[in-house]
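First comes the structure, then the notes that go with it.
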Amino acid sequence: YHVIHILRVIEKNNDRQRTNNRFNARTLDIDLLLYDDLILENEDIKIPRDEIIKYAFVLLPLAEIAPTLKHPITGKSYAELWQTFDKKGQILKKVNF
């Protein structure tokens, strides 16, 4: 789980403060969503992350950059998952950098 350690070090180096509240503001939040077609769950990590099919802000970018890639559990492509995703209640706003 060397990758997870590296991601946490990057977050810490950017002043990320870990608290018990999962939904507070963060300076940086790096998550490992997928790793090929690996399905893994233990106390440290879950791959693929549940957030992929729960949140529009996670699924839409995957559908845009890898539309034909298939979710390892559902077997559906990210484009298919986005097409059938219930977009009501999850408003996305484009951010210009």
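The values are calculated or read from the model by the stated rules, or taken from the named source; none is laboratory data. None of the values given here were measured: they were computed from a predicted structure. Heads up, the Cβs are rebuilt from the backbone with ideal geometry, glycines too, and the neighbour counts pull from every protein chain shown. SASA here: full protein model, heavy atoms, side chains in, ligands and nucleic acids out. Shrake-Rupley method; radii C 1.70, N 1.55, O 1.52, S 1.80 Å.
Would you check which residues across the range 52-92 are under 18 Å from Asp29 (Cβ atoms) and outside any helix (DSSP H, G or I) and list them? Reasoning before the result, please.
Quick first cut of the range 52-92, residues under 18 Å from Asp29 (Cβ atoms) only: 52, 54-62, 90, 92.
Scanning the range 52-92 gives Tyr55, Gln90, Leu92.
Give the residue that is nearest to Phe57 (Cα to Cα), with candidates limited to residues of the range 69-97 that are open to solvent by 100 Å² or more (accessible area, probe 1.4 Å) and among the hydrophobic types (A, V, I, L, M, F, W, C).
Ile91
Among the residues of the range 46-68, how many are loosely packed, with under 11 Cβ neighbours inside 10 Å and touching a Ser or Thr at 6+ places or on another chain (Cβ under 7 Å)?
Count: 1.
Which ones in the range 56-76 are in contact (Cβ under 8 Å) with a residue 12 or more places away in the chain and among the small types (Gly, Ala, Ser)?
Listed by number, the residues that qualify are Ala56, Ala63, Ala66.
Assess whether Asp31 counts as being open to solvent by 50 Å² or more (accessible area, probe 1.4 Å) and closer than 20 Å to Leu7 by Cβ.
Values: open to solvent by 50 Å² or more (accessible area, probe 1.4 Å): yes; closer than 20 Å to Leu7 by Cβ: yes.
So Asp31 fits the description; yes.
Being part of a loop (DSSP other than H, G, I, E, B) and at positive phi is the requirement here; does Asp44 meet it?
Working: part of a loop (DSSP other than H, G, I, E, B): yes; at positive phi: no.
So Asp44 does not fit the description; no.
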